[in-house]
1. Mind checking the range 1-82 for GluC sites (Glu not before Pro) that DSSP puts in a loop (not H, G, I, E or B) and that have at most 13 other Cβ atoms within 10 Å?
2. Only bridges whose two residues both fall in the chain count here: according to DSSP, what percent of them are antiparallel, nearest 5?
3. Divide by every residue of the chain the summed helix terms, -39500 (n - 2.57) for each DSSP H run of at least 4, and state the resulting mean residue ellipticity at 222 nm, rounded to the nearest 500 deg cm²/dmol.
4. Going by C-beta contacts inside 10 Å, put His89, His147, His56 in order with the fewest on the left.
5. Ala107 to Leu141: FRET efficiency via 1/(1 + (r/R0)^6), r the Cβ-Cβ distance, R0 25 Å, to the nearest 0.05?
6. In what sequence, highest mean first, do 128-141, 38-51 appear when ranked by Cβ atoms within 10 angstrom?
7. Give me the net charge for the shell around Glu34: Cβ to Cβ below 11 angstrom, other residues only, Lys and Arg +1, Asp and Glu -1.
8. Report relative contact order for the chain in percent, whole number only (criteria: Cα-Cα under 8 Å, sequence separation at least 6).
Amino acid sequence: MTAPDVFRLLLQPLHETGIEYMITGSVAATAYGEPRMTNDVDLIVRLDLPGAALLHRAFPEHSYYVPPLETMEEERQRARFRHFNVIHHETALRADVYLAGDDPLRAWAFERRRAETVAGQVVWFAPIEYVIVWKLEYYELSGSDRHLRDIGGMVRISGGDIDMATLGRLLAERGLERLWERAQAS
């Protein structure tokens, strides 16, 4: 997957809708840290019902898998794990779309998201502190060491950009201090 392909096929159509989003997961970890291969981009979006219709139209069915509007609405109504995929048929590039909902951490991250230029276009990244918390939560769920390696790369490359007091507060709120210690040791 190349940055221009991801932007052109997945981010540009979303960006053009005006729906608020931010990139997190491995693509954000790579932007803040060390490169690694991935076949998807993780996005947090603020999505209401009109926004769901915009998103659905932005990704035409002949080129993309996009869930039906009813499925998007069901995901919006769920209390946790609000998620769906957008997949480009020809390349199999995938956006894992997570809905912001009323999560205070996601609200905090949206207030602090960063605009960066990728492939000549502006895209929105979650703040590094959020990406670290996200990676630790997914490490806790999956046990996959790649999350710890991503965090290590972010700390090595962009450690000076991390607001350690804010990160400490976010980790304490989520009960992730022990996992943070483990990530720093790896």
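1. Values: sites: Glu16, Glu20, Glu61, Glu70, Glu73, Glu74, Glu75; in loops: Glu20, Glu61.
Counting only loop positions with at most 13 other Cβ atoms within 10 Å, the GluC sites (Glu not before Pro) in the range 1-82 are Glu61.
2. On the way: 16 of 23 bridges.
Here the share of antiparallel DSSP bridges comes out near 70 percent.
3. Details: 10 runs with 94 residues, N = 186.
After summing the helix terms and dividing by the residues of the chain, the value is -14500 deg cm²/dmol.
4. Ascending number of Cβ neighbours within 10 Å: His89, His56, His147.
5. 0.70
6. Working: 128-141: 21.7, 38-51: 18.4.
Ranking, from highest mean packing down: 128-141, 38-51.
7. Numbers: positive: Arg36, Arg149, Arg156; negative: Asp150.
Charge balance in the 11 Å sphere: +2.
8. Details: 271 pairs, mean separation 45.3, N = 186.
Contact order relative to length: 24 percent.
Rule-based calculations on the coordinates, nothing more; no lab input. Values in this document were obtained by computation on a predicted structure and should not be read as measured data. Here the Cβ is made from the backbone with ideal geometry for all residues, glycine too, and neighbour counts use every protein chain on show.
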